[in-house]
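Student: Here it is: the structure, laid out below.
The values are calculated or read from the model by the stated rules, or taken from the named source; none is laboratory data. None of these values were measured; they are calculated from a predicted model. Cβ: placed from backbone, ideal geometry, glycine included. Neighbour counts: every protein chain shown.
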Amino acid sequence: MGDPVVALPSLPSPAAHIHLIAVAGVGMATLAAMLKERGYRVTGSDQGVYPPMSDFLAQAGISLLQGYRAENLVPKPDLVIVGNAVSRTNPEVAALLQTDIPYMSLPQALEHFFLDGKRPLVVAGTHGKTTSAALLGWVLERAGRQPSMFVGGVSKNFARGYQLGAGEFFVLEGDEYDSAFFDKDPKFLHYRPQGILLNAVEFDHADIYRDLAHVKQAFSRLLTLLPAGAPLLVCHDFPAALEVAQTAGKPFMTFGLHQDAEWQVEDVHDDGARVHFTVVRHRREVGRFVSPLMGWMNVRNALGVAALCAALGFSAEEIAPGVATFLGVERRQEVVGEASGVTIIDDFAHHPTAVTATIEAVRWRYPQRRLWAVFEPRSNTCRRRVFQEPLAEALARADGVVIGPVYSKPQDPLDPAELFSPTELAAALHVRGKEAYPGNSVDDICDFLVAAVRPDDVILIMSNGAFGGLRHKLLHALRRPS
């Protein structure tokens, strides 16, 4: 289990000084802003922080210290929150461990500072949790419930990844990743769920989970925390999610596109700007909905949110306005812009299931246009060969594919035999009759695409990171006069 967490004393507000190590991650930066809004004096440290994250921290009033150093702990803060991106060998963490300063992980801080007196609703699963959690928060907001919310992305409706509301509900994105070097439990085990929406369970995070059974074990632990009578909604479309729910020994309802799901959708169509669908339960109509988001995955996300809200006592008339006006989350099927007749879309997809769903969603919204899929092997799983063949199957749904170089992570060194191979992926796509190009750099990829695309093409960029700023470089390059 690692080091014991130092007991936290009662901290007065606003005098207490809270310092966050590795503050530039989306979750940590969001937490820093929440603590600042609550009245604490907040500082943070990180390495190589640039816009937009540096701008976000500055706008939130967070004093940012560049680099990890022992001096960052002087003057002595009242509490340190340690992000899961750093280890005990980090120079600032090593200095912290030589002091008596209390410290905790991000999810422990959320639990300690924000969940007392609230009714936490946890949205979990290997896919769809950020969008679904942000959607749930917005549906509750439009229904007048003034929810609190914490998600690992920027909700376009709230213009940030959090909301501190006066209402009873606190919506949390339930991340299955570990919490910190001293707290190896999944983050979602700290969130005291009084309602759970479980979207999907598949293998991911190969750096911390051995196999699918290990992943299922983590989600099973989450479900054991749910009190009797609290709603549990499980996606029927993912067998492992059903298995987790069935072994939990708790009543649950299912939703999804599968014909045996309790909650389903009918009469689904995309008019080119919005998706229309009817929600049914046991084949009886519950309500008609419309969403500006694209693709079946987002229809399913909306269905799960609607089913959970119905279980909480909301009517279709209360749920529908939030679904209809939800603008999505930044970097989730986000239209970056258009240049020279080419539309550029950016997405966070990095798992074969999400890559497949995202490509199919773009195909559905732009059915007559040539589609280029640009993929960066960046996540801790995609950097490995685990998804070598499944990614070929997923990316083959595009007309042309460009693969970026494998992202280098000094903190996660891999044997060459373990590394994902862009060249091998390109060869597998060639066999399938697809044009595929393994790029050597972001500039190389940009040059290739500018030369290869033609008006009316769509470029879909997929990465769980910045991809070297490719989205903006490509847009600017296409706008330059030839």
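Student: Can you pull out every residue in region 32-80 that is surrounded by 18 or more Cβ atoms within 10 Å (Cβ to Cβ), more than 17 Å from V93 (Cα to Cα) and hydroxyl-bearing (S, T, Y)?
Tutor: Y40
Student: Let me spell it out: the conditions are (1) within 21 Å of F348 (Cβ to Cβ); (2) part of a strand (DSSP E or B); (3) of a type outside the set (K, R), and Y437 meets all of them except one. Which number is the exception?
Tutor: Failing condition for Y437: (1).
Student: Could you tell me whether V215 is closer than 26 Å to A58 by Cα and either of a type outside the set (D, E, K, R) or buried (at least 24 other Cβ atoms within 10 Å of the Cβ) (or both)?
Tutor: Against the criterion (closer than 26 Å to A58 by Cα and either of a type outside the set (D, E, K, R) or buried (at least 24 other Cβ atoms within 10 Å of the Cβ) (or both)), V215 does not qualify.
Student: Give me a count of the residues in region 105-150 that are at negative phi, in contact with a helix residue (DSSP H, G or I) (Cβ under 9 Å, 6 or more places away or on another chain) and free of Cβ contacts under 8 Å to residues at least 24 places away in the same chain.
Tutor: Going through region 105-150 one residue at a time, the tally reaches 1.
Student: Further question on the same structure: Give the residue that is surrounded by the most Cβ atoms within 10 Å (Cβ to Cβ), with candidates limited to residues of region 99-108 that are assigned to a loop (DSSP other than H, G, I, E, B) and out of contact with any strand residue (DSSP E or B) (no Cβ under 6 Å at 6 or more places or on another chain).
Tutor: T99
Student: Another one. Only residues that are within 20 Å of G25 (Cβ to Cβ) and not charged (D, E, K, R): list them for region 149-163, please.
Tutor: Scanning region 149-163 gives M149, F150, V151, G152, G153, V154, S155, F158, A159, G161, Y162, Q163.
Student: I'm checking my understanding of the structure. Among residues of region 445-463 that are more than 20 Å from E393 (Cβ to Cβ) and within 28 Å of the chain's Cα centre (by Cα), which one is surrounded by the fewest Cβ atoms within 10 Å (Cβ to Cβ)?
Tutor: D457
Student: Turning to a different aspect of this structure: Check Y209 against each of (1) surrounded by fewer than 20 Cβ atoms within 10 Å (Cβ to Cβ); (2) part of a loop (DSSP other than H, G, I, E, B); (3) touching a Phe, Trp or Tyr at 6+ places or on another chain (Cβ under 9 Å); (4) not aliphatic (A, V, I, L, M) and name the one condition it does not meet.
Tutor: (1)
Student: Any residue that is in contact (Cβ under 8 Å) with a residue 12 or more places away in the chain, closer than 17 Å to T131 by Cβ and part of a loop (DSSP other than H, G, I, E, B) - is there at least one of those in region 271-292?
Tutor: Yes, region 271-292 has at least one match.
Student: Let me ask something else. Hey, among R210, R221, which residue is without any contact (Cβ under 8 Å) to a residue 40 or more places away in the chain, over 18 Å from V122 (Cα atoms) and over 20 Å from the mean Cα position of the chain (by Cα)?
Tutor: R210
Student: Mind counting the residues in region 86-96 that are touching a residue at least 60 places away in the same chain (Cβ under 8 Å) and farther than 30 Å from H472 by Cα?
Tutor: 6
Student: Among the residues of region 177-194 satisfying the criterion of being out of contact with any Gly (no Cβ under 8 Å at 6 or more places or on another chain) and not in a strand (DSSP E or B), which is farthest from S87 (Cα to Cα)?
Tutor: Q194
Student: Continuing with this model, one more query. Those residues that are under 24 Å from S155 (Cβ atoms) and charged (D, E, K, R), I need them from region 272-293; list them, please.
Tutor: Result: R274, single match.
Student: Can you give me the number of residues within region 159-173 that are surrounded by 16 or more Cβ atoms within 10 Å (Cβ to Cβ) and under 20 Å from the mean Cα position of the chain (by Cα)?
Tutor: The number of residues fulfilling the criteria is 8.
Student: Here is a check on your reading of the model: is A477 among the hydrophobic types (A, V, I, L, M, F, W, C), closer than 30 Å to P292 by Cα, over 26 Å from the mean Cα position of the chain (by Cα) and in a helix (DSSP H, G or I)?
Tutor: Here the answer is yes, as A477 does meet what is asked.
Student: Among the strands (runs of 3 or more DSSP E) lying completely within region 312-430, list those that include at least 1 residues that are crowded, with 22+ Cβ neighbours inside 10 Å and either at pLDDT 90 or above or in the same structural domain as R281 (by TED's automatic domain parsing) (or both).
Tutor: Output list reads 342-347, 371-375, 400-403.
Student: Continuing with the same structure: Scanning for something part of a loop (DSSP other than H, G, I, E, B) and in contact with a helix residue (DSSP H, G or I) (Cβ under 6 Å, 6 or more places away or on another chain), does region 227-249 turn up at least one residue?
Tutor: yes
Student: Looking for something at pLDDT below 95 and either surrounded by 18 or more Cβ atoms within 10 Å (Cβ to Cβ) or of a type in the set (G, A, S) (or both) - is there at least one such residue anywhere in region 91-98?
Tutor: Within region 91-98 (the criterion being at pLDDT below 95 and either surrounded by 18 or more Cβ atoms within 10 Å (Cβ to Cβ) or of a type in the set (G, A, S) (or both)), the answer is no, since none of the residues qualifies.
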